[in-house]
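Chemist: Here's a structure for you.
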Amino acid sequence: MSSVGKGVAAASIGKILQSKGYRVANIKADMYVNIDAGTIRPAEHGEVFVGEDGIEADQDLGNYERFTDQICIADNYITTGQVYQEIIKRERNLEFDGEDVEVVPDIPKEIIRRIKSCQKKNNSEITIIEFGGTVGEYQVLLFLEAARMLKLQQPNDVFFILVSYLPTPKLLGEQKSKPTQYAIRTLNSAGINPDFILCRADKPVAADIKRTISIVCSLPQERIISAPDVYSIYDIPVNFEKENLGEIMLKAMNMEPRTKDMKDWTAFSEKIKKLKKEVRIGIVGKYFNFKSCKDTYISVIESINHASWNFDVRPSILWLDSEKYEEDKNTLNELDGVDGIIIPGGFGRRGTEGMILAAEYARKNKIPYLGLCLGMQIMSIEFARNACGLKGANSEELDPETPYPVIHIMEEQRKHMKESNYGATMRLGAYDCNIKEGTQSSAAYGKNKISERHRHRYEFNNKYRKEMESKGFVLAGINPQKNLVEIAEIKDHPFMIGVQFHPEFKSRPLKPHPLFRGFIEAAAKNKQ
């Protein structure tokens with residue numbers, strides 16, 4: 001089922017096999033007909049994760065990167081839309097030599113081609129492919145057919161892992177394996193026999209349940225792995241290794257472990273459970289009334305976690321709805337109860353006036369502030385209005401008639417918008433940034449040349465540079481190729497930084513992102 005934990009399971013398996021000395025790659029296959037995740041609402045599908053090359057992908061690629069510390073690009077992401085688009089393009093180019101093009105086998109063959117291409121480009125010895133969706137769904141059938149065909153081609157090289165949920169009905173108080181048995185039978189009907197079962201449940205799976213599943217799917221019990229709820233997702237590889245999953249998988253694949261080193265990861269997962277001190281971080285946004293905030297802002301949350309744990313504090317995240325500030329400014333005093341404020345990325349006008357009020361409150365009350373993409377633009381608008389006297393200053397996105405467009409649309413984007421060409425046309429992927437010496441950003445990064453990932457259409461308007469700089473607005477980072485403002489700071493503030501890029505995509509559990517590290521350090525000092 002959705003959110004059962006396939007993504008973190010795939011990421012954890014990558015981490016485990018990597019720790020045993022193997023080169024790995026992760027692929028996410030999504031069933032929807034969208035070409036990518038860029039046009040899907042975050043509240044609908046979760047965060048849009050941006051790869052180094054600009055691919056707008058499912059949030060699971062973020063987990064792959066965080067667990068294996070390997071960069072994901074377009075090759076690590078497959079959708080039904082991409083597959084059909086490629087087949088139709090090749091058909092139009094007469095690449096099928098006059099043969100009729102059929103859903104089976106041509107669609108599965110294209111899926112297999114993409115898997116092999118990713119494996120080759122990553123030079124991976126083991127590739128972990130995650131299929132989104134649920135066994136038995138119509139939309140997953142062609143991907144299961146591709147998997148069956150791949151197994152037929154390479155019978156000794158392809159293995160299947162089923163992640164299945166074992167419910168514990170409250171009235172009974174015991175786990176039930178019938179849904180998993182049914183899932184196995186359904187998978188069998190697609191011509192696939194699982195080689196491993198990961199049993200998701202609230203508690204470790206009992207031995208008698210493992211015996212039952214073993215009989216049903218004709219598997220040795222050692223290949224039926226318990227996957228109970230844990231303190232954090234970073235416990236999952238450690239938990240799997242308690243049942244020797246890595247050794248069991250390598251044995252099944254007729255491979256030997258080369259090394260065995262998860263000491264740092266294991267120590268980290270144990271450390272974070274024992275942290276007592278707390279830092280309170282308020283995320284001011286507007287996507288809080290729909291799907292889980294955790295899905296919408298997963299990379300931001302994990303970046304806060306990484307940085308907080310680095311300073312031996314436990315983060316407490318408060319979700320603050322910016323629209324209520326617009327209705328009643330007195331509610332802004334709730335910001336006195338947080339140690340730091342983050343305004344994350346987003347699109348559209350709704351709630352932005354409340355965000356501007358929050359940014360003003362943070363600036364005047366010296367509350368540490370980190371603005372991400374939209375959050376940097378909000379910070380710029382607030383400063384222009386209230387520190388520079390440019391009344392009515394705004395972004396062209398939020399108010400096309402603003403007299404002072406301190407944030408304006410990039411020229412190349414204007415054409416895309418006019419033609420309603422929205423898919424994959426934003427400023428996407430990694431871009432260079434030169435950081436000014438002596439700034440807080442320079443101190444945080446410890447260097448002056450960086451590269452960060454972007455996803456936006458609007459930029460700081462260079463027309464207002466001098467005026468805003470004269471009032472204490474610091475343009476700390478500039479893209480050298482296009483002379484675009486990437487980082488802004490407020491002078492004489494403990495920590496008020498806005499960035500046009502998305503640093504959250506590059507944070508890692510054992511290597512927190514420098515800006516999040518600096519922000520959490522300032523927030524911890526603010527608490528004291």
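Readers should treat all values here as calculations from the given coordinates under stated rules, not as data from a laboratory. Just so it is clear, the model here is predicted, and its values are computed rather than measured. Every residue, glycine among them, receives a Cβ derived from its backbone with ideal geometry; neighbour counts consider all protein chains shown.
Chemist: Residue-wise, which Karplus ³J(HN,Hα) couplings in Hz belong to region 463-468, taking 6.51 cos²θ - 1.76 cosθ + 1.60, θ = phi - 60°, and x for glycine or proline?
Modeler: So the J values, rounded to whole Hz, are 4, 9, 4, 4, 4, 6.
Chemist: Also, quick follow-up: For residue 276, which lysines qualify as cross-link partners when the Cα separation must be under 20 Å and same-chain residues fewer than eight apart are set aside?
Modeler: Cα-Cα hits under 20 Å: 525, 527.
Chemist: Got the relative contact order for region 278-527 handy, in percent, Cα pairs under 8 Å and 6 or more residues apart?
Modeler: Once normalised by length, the contact order is 23 percent.
Chemist: Kindly state, to the nearest 0.05, the FRET efficiency for residue 411 paired with residue 232, given R0 = 56 Å and r defined as their beta-carbon distance.
Modeler: 0.80
Chemist: Straight-line reach only, C-alpha to C-alpha below 15 angstrom: list the aspartates and glutamates that residue 391 could link to, leaving out same-chain residues fewer than 8 apart.
Modeler: Cross-link targets: 353, 360, 382, 399, 401, 467.
Chemist: For region 278-527, with only Lys/Arg (+1) and Asp/Glu (-1) charged at the beta-carbon, what is the dipole magnitude about the Cα centre, in debye rounded to 20?
Modeler: 560 debye
Chemist: Could you order peptides 516-523, 231-238, 200-207 by the average number of other Cβ atoms within 10 Å of their residues, highest first?
Modeler: Descending mean neighbour count gives 516-523, 231-238, 200-207.
Chemist: In addition: How far, in nm, would the chain grow between residue 425 and residue 349 when pulled straight, counting 0.36 nm per residue and subtracting the alpha carbon separation?
Modeler: 25.3 nm
Chemist: Further, regarding this structure: Pop the C-beta distance of residue 218 and residue 261 into the FRET formula with R0 = 41 Å and round what comes out to the nearest 0.05.
Modeler: 0.75
Chemist: 7 Å from Cα along Cα→Cβ at both residue 327 and residue 418: what's the point-to-point distance in nm?
Modeler: For the pair residue 327/residue 418, the computed spacing is 4.1 nm.
Chemist: Simple spin-label model, 7 Å along Cα-to-Cβ: residue 172 to residue 277 in nm?
Modeler: It works out to 4.7 nm between the two label points.
Chemist: Are there trypsin sites (Lys or Arg not before Pro) in region 73-173 that DSSP marks as loop and that have at most 12 other Cβ atoms within 10 Å, and which are they?
Modeler: 170
Chemist: Mind scanning 251/273; 28/242; 366/466; 15/120; 449/471 and naming the pairs with a C-alpha gap bigger than 28 Å?
Modeler: 251/273
Chemist: To continue, here is another question. Stretched out fully, how many nm does the piece from residue 481 to residue 70 gain, at 0.36 nm a residue minus the Cα gap?
Modeler: Result for the pair: 145.3 nm of gain on full extension.
Chemist: Of all beta bridges DSSP finds with both residues in region 278-527, what is the antiparallel percent, to the nearest 5?
Modeler: Taking every DSSP beta bridge within region 278-527, about 55 percent pair in antiparallel fashion.
Chemist: Could you work out how far apart the two model spin labels at residue 202 and residue 270 are, taking each label as a point 7 Å from the Cα in the direction of the beta carbon, and quote it in nm?
Modeler: 2.9 nm
Chemist: Additional query: What aspartates and glutamates does residue 121 reach when the alpha-carbon gap must be under 17 Å and sequence neighbours fewer than 8 apart in one chain are set aside?
Modeler: 52, 53, 65, 69, 75, 110
Chemist: Taking θ as phi - 60°, what are the ³J(HN,Hα) couplings along region 8-14 by the Karplus curve (6.51, -1.76, 1.60), each to the nearest whole Hz, with x for Gly and Pro?
Modeler: 6, 5, 4, 5, 5, 4, x
Chemist: How much length is gained on full extension from residue 40 to residue 138, taking 0.36 nm per residue of separation minus their Cα-Cα distance?
Modeler: That works out to 33.2 nm of additional length.
Chemist: Roughly how many debye, to the nearest 20, is the charge dipole of the chain about its Cα centre, given +1 on each Lys and Arg Cβ, -1 on each Asp and Glu Cβ, and no other charges?
Modeler: So the magnitude is around 1280 debye.
Chemist: While we're on this one: Kindly state, to the nearest 0.05, the FRET efficiency for residue 101 paired with residue 242, given R0 = 56 Å and r defined as their beta-carbon distance.
Modeler: 0.70
Chemist: For region 300-324, list residues with backbone N below 14 Å from a point placed 7 Å from the Cα of residue 527 toward its Cβ?
Modeler: It comes to 304-318, nothing else.
Chemist: Just to be sure I understand: of the beta bridges DSSP finds with both ends in the chain, what percent are antiparallel, rounded to 5?
Modeler: Here the antiparallel bridges make up roughly 40 percent for the chain.
Chemist: From the residues 426, 340, 395, which one has its Cα farthest along the dipole of region 278-527 in the positive direction, the dipole being from +1 and -1 charges on Cβ of Lys/Arg and Asp/Glu about the Cα centre?
Modeler: About the Cα centre, the residue reaching furthest to the positive side is 426.
Chemist: Quick check on packing: order 295-305, 69-79, 438-448 by the mean number of other C-beta atoms within 10 Å, highest mean leading.
Modeler: 295-305, 69-79, 438-448
Chemist: Among 491/511; 151/506; 116/482, which pairs are too far apart, with a Cα-Cα distance over 30 Å?
Modeler: Too far apart for the 30 Å limit: 151/506; 116/482.
Chemist: From the C-alpha gyration tensor of the chain, pull out the three semi-axes of the equivalent ellipsoid (sqrt of 5λ each), sorted largest to smallest, in whole Å.
Modeler: Rounded to whole Å, the semi-axes are 43, 28, 21.
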